[in-house]
1. Normalised radius of gyration for segment 115-200, please: alpha carbon Rg relative to 2.2 N^0.38 Å, two decimal places.
2. Could you grab the relative contact order for segment 123-206? Cα pairs under 8 Å, six or more apart, rounded to a whole percent.
3. Working from the alpha-carbon coordinates of segment 58-201, get Rg over Rh, Rh being the Kirkwood radius.
4. Of the peptides 48-55, 137-144, how do they stack up when ordered by the mean number of other Cβ atoms within 10 Å, highest first?
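Values in this text are rule-based calculations from the coordinates and carry no lab data. Just so we're clear, the structure is a prediction, and the values are computed from it rather than from any experiment. All Cβ positions, even for glycine, are placed from backbone atoms using ideal geometry, and neighbour counts span all protein chains on display.
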Amino acid sequence: MKKSYKHTIARWNKSANTNKFGVVFALCLVGSIGTANASLITNGDFEAGNNGFSTDYNLNPTLGAAQTYNIATAVPHGWAPGFGDHTTGSGNMVLYNASLDSNHSLWTQSVTLVGGTSYDFTGWVASLTQSIVPNADPIIDLRVNGASVGTFITAGIDDVWQEFNFNWVSTSSGVANISLHDLTAVSGGDDFAIDDLKLNATAVPEPGTILLFSAGLIGLISIKRNKQKIVTASTFQA
């Protein structure tokens, strides 16, 4: 009687695994470039309601007193008939009756910044009572960790959305408090709406950095290492 035992030759091709790693690396690189301009602000269009931000103002649907705000689709008291939000014309926006203290935050949100990176903060503001109380339009001030990085003076016209834009370079990495303030701070007028807040990193990789990544990626994918683990076949006779 003859019994035979045959051991299978096992082979492991590392080049396939290396190529898979290279593809994953490429997808991560493309993904990071593709998301570089994604807004860092949560609920910047206020469609999620009164969420995702803090404020020193008091929630009041009628805006009947100074230092009050509300999230709504329309302005109360018939101040601006037919006026809608900036996003769609029928969605949410935040409405303010300004505080007499410009240090009171209209809106604050914490975001993570990267040192040495340039950032753009954009948004839209509309005066609501300029025709009632002239020269009482909001002056929007953006602060990062309490320090002003720029102001925007709205034009003297009611119910027209105006875009503001602030740019700065972050000096350090970590969580930062981004806040909006109104510098006008008067008792008469100074009622306004804000919508569509966005914060984007505008810095992009230098051409040399892109070439370096590309060269490394090509080299990585082209590596061919074949390793074989072989167990010699044998036959046992009895």
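1. Normalised by 2.2 N^0.38 Å, the Cα Rg of segment 115-200 equals 1.17.
2. 45 percent
3. Using Cα coordinates only, the ratio equals 0.98.
4. Those peptides, ordered most packed to least, come out 137-144, 48-55.
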